[in-house]
Amino acid sequence: MTEGDWYDDSAYDDAVQRAKRATRFGWLTIGATVAVFFAVLCGVAVVIALAAYAYIETRG
């Protein structure tokens, strides 16, 4: 096939591959952010629970 041929879709295929790669990276970033947020939220909940337990134990 010659360069610039009517059936040459290589530029389109490259663009599709770049778009798929960018989409995967975006979803990976979103997933990692949600996981970190959930981990921090669980950590805060544990600290609050331990503080409440310690408070109850000292009063009782």
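The values are calculated or read from the model by the stated rules, or taken from the named source; none is laboratory data. Only a predicted model underlies this, so the values are computations on that prediction, with no experimental measurement involved. Note that each Cβ is placed from the backbone with ideal geometry, even for glycine, and that neighbours are counted across all protein chains shown. Note: areas computed on protein heavy atoms with side chains; ligands, DNA, RNA excluded. Shrake-Rupley method; radii C 1.70, N 1.55, O 1.52, S 1.80 Å.
Quick one: which residue in Thr23, Thr58, Thr33 is out of contact with any His (no Cβ under 7 Å at 6 or more places or on another chain), outside any loop (DSSP other than H, G, I, E, B) and open to solvent by less than 80 Å² (accessible area, probe 1.4 Å)? Outline the logic, then answer.
Details: Thr58 fails: open to solvent by less than 80 Å² (accessible area, probe 1.4 Å); Thr33 fails: open to solvent by less than 80 Å² (accessible area, probe 1.4 Å).
Unique residue meeting the criteria: Thr23.
Just one residue in the set Ala49, Ala32, Ala22 is over 19 Å from the mean Cα position of the chain (by Cα) and of a type outside the set (D, E, K, R); that residue is Ala49.
Against the definition (in a helix (DSSP H, G or I) and of a type in the set (Asp, Glu)), how does Asp5 come out, yes or no? Considered against the rule, which asks whether it is in a helix (DSSP H, G or I) and of a type in the set (Asp, Glu), Asp5 comes out as no.
Out of curiosity, is Ala51 at pLDDT 95 or above, open to solvent by less than 80 Å² (accessible area, probe 1.4 Å), part of a helix (DSSP H, G or I) and hydrophobic (A, V, I, L, M, F, W, C)? Spell out how you get there, then give the answer.
On the way: at pLDDT 95 or above: yes; open to solvent by less than 80 Å² (accessible area, probe 1.4 Å): yes; part of a helix (DSSP H, G or I): yes; hydrophobic (A, V, I, L, M, F, W, C): yes.
Yes: the conditions hold for Ala51.
Scan the stretch 1-18 for residues that are within 23 Å of the chain's Cα centre (by Cα) and exposed (fewer than 10 other Cβ atoms within 10 Å of the Cβ) and the total you get is 0.
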